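The values are calculated or read from the model by the stated rules, or taken from the named source; none is laboratory data. Bear in mind the structure is a predicted one, so any value in this text is a computation, not a measurement. We place every Cβ from the backbone using ideal geometry, glycine too, and count neighbours over all the protein chains shown. Quick note on the areas: whole protein, heavy atoms, side chains included, nothing else; ligands and nucleic acids left out. Shrake-Rupley method; radii C 1.70, N 1.55, O 1.52, S 1.80 Å.
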Amino acid sequence: MTDQEVNIDKNIREIKRSLPEHVTLVAISKTKSNEAIMEAYEAGQRIFGENRVQELEVKQPDLPKDIQWHMVGHLQRNKVKYIAPFISMIHAVDTPRLLREINKQAKKNDRVIDCLLQMKIAEEDTKFGMDATQIKEILASENYSQYENVRVRGLMAMATFTDDKDQVNREFKTIHNLYKDLKDPYNFDILSIGMSGDYPIAIENGSTMIRVGSAIFGDRE
Ligand SMILES: *Cc1c(COP(=O)(O)O)cnc(C)c1O
């Protein structure tokens, strides 16, 4: 499918209509043109997600300033500085050192950057992320208590890419349980789970933020 054959406006409206009020839609625009992003923007979408720093750097200056950009992909520490001036949320914080670097770069820009800690829930072992113990260690650490320029608002994860709905359900339950434990002690309000293929299952498991790309913009090359 090409961009022209995809009705972005219709897709956005239909997905939004189907969402419970407490669930926020992040439109994942990676590999998609500024024209496609503007179509979604005209349909009322303001939160967009990308997974590569370089693509964000190229797109952000040319698009409306009221777009909230989310970095949803794996982020290398040496690239945080390029997005720190404008990024509104970083989803995939997967090491204490990355969080420290985000705090440092946010401070340089006199900003507070919202972050999510990435949990590894996929049974396949190629994905990034931390286990429950590592996540709790960060939150309990001396360093964390002193960060003034990051605000950890919750957890994020990607389920295994599979048609096995029971497996996806199991994986989402794992992160939902941890989220429920940490929510009150750490004032969490965001659980970022669910993509085009699995967001209804994610919502059943407590998702408050879904990251949807192909169901809005069509398949990627
Ligand atoms: C690409 C991507 C998505 C969206 O994937 P779709 O299957 O196209 O909805 C969500 N989250 C992350 C981290 C991604 O890289």
inquiry  = Between Val53, Val93, Val112, which is among the hydrophobic types (A, V, I, L, M, F, W, C) and touching a Cys at 6+ places or on another chain (Cβ under 6 Å)?
reply    = Val93
key: Count - residues of region 23-45 that are open to solvent by less than 30 Å² (accessible area, probe 1.4 Å) and either under 21 Å from Lys79 (Cβ atoms) or within 18 Å of the chain's Cα centre (by Cα) (or both)   = 10
key: Residue that is nearest to the chain's Cα centre (by Cα) [pool: residues in region 94-113 that are over 13 Å from Arg77 (Cα atoms), open to solvent by 20 Å² or more (accessible area, probe 1.4 Å) and touching a residue at least 12 places away in the same chain (Cβ under 8 Å)]   = Val112
query = Regarding Asp219, is this residue of a type in the set (D, E, K, R), without any contact (Cβ under 8 Å) to a residue 12 or more places away in the chain and either assigned to a loop (DSSP other than H, G, I, E, B) or within 14 Å of the ligand (Cβ to nearest atom) (or both)?
reply = no
request  = Would you check which residues across region 148-197 are in contact with a helix residue (DSSP H, G or I) (Cβ under 7 Å, 6 or more places away or on another chain) and farther than 22 Å from Met89 by Cα and list them?
outcome  = Thr160, Thr162, Lys165, Val168, Asn169
remark   = When Phe48 is run through (1) within 16 Å of the ligand (Cβ to nearest atom); (2) surrounded by fewer than 21 Cβ atoms within 10 Å (Cβ to Cβ); (3) of a type in the set (Phe, Trp, Tyr), the failure sits at (2)
query = Going through region 68-87 one residue at a time, which ones are touching an Asp or Glu at 6+ places or on another chain (Cβ under 6 Å) and open to solvent by 80 Å² or more (accessible area, probe 1.4 Å)?
reply = Arg77, Tyr82
ask   = In region 138-157, what residues are touching a residue at least 40 places away in the same chain (Cβ under 8 Å) and not aromatic (Phe, Trp, Tyr)?
value = Ile138, Leu139, Ser141, Asn143, Glu148, Asn149, Val150, Val152, Arg153, Gly154, Met156
note = By residue number, the members of region 114-136 that are more than 18 Å from the chain's Cα centre (by Cα) and touching a residue at least 12 places away in the same chain (Cβ under 8 Å) are Glu123, Glu124, Ala132, Lys136
message = Checking the structure you have, find out if any residue of region 14-22 is within 16 Å of the ligand (Cβ to nearest atom), open to solvent by less than 60 Å² (accessible area, probe 1.4 Å) and farther than 14 Å from Ser196 by Cα.
response = no
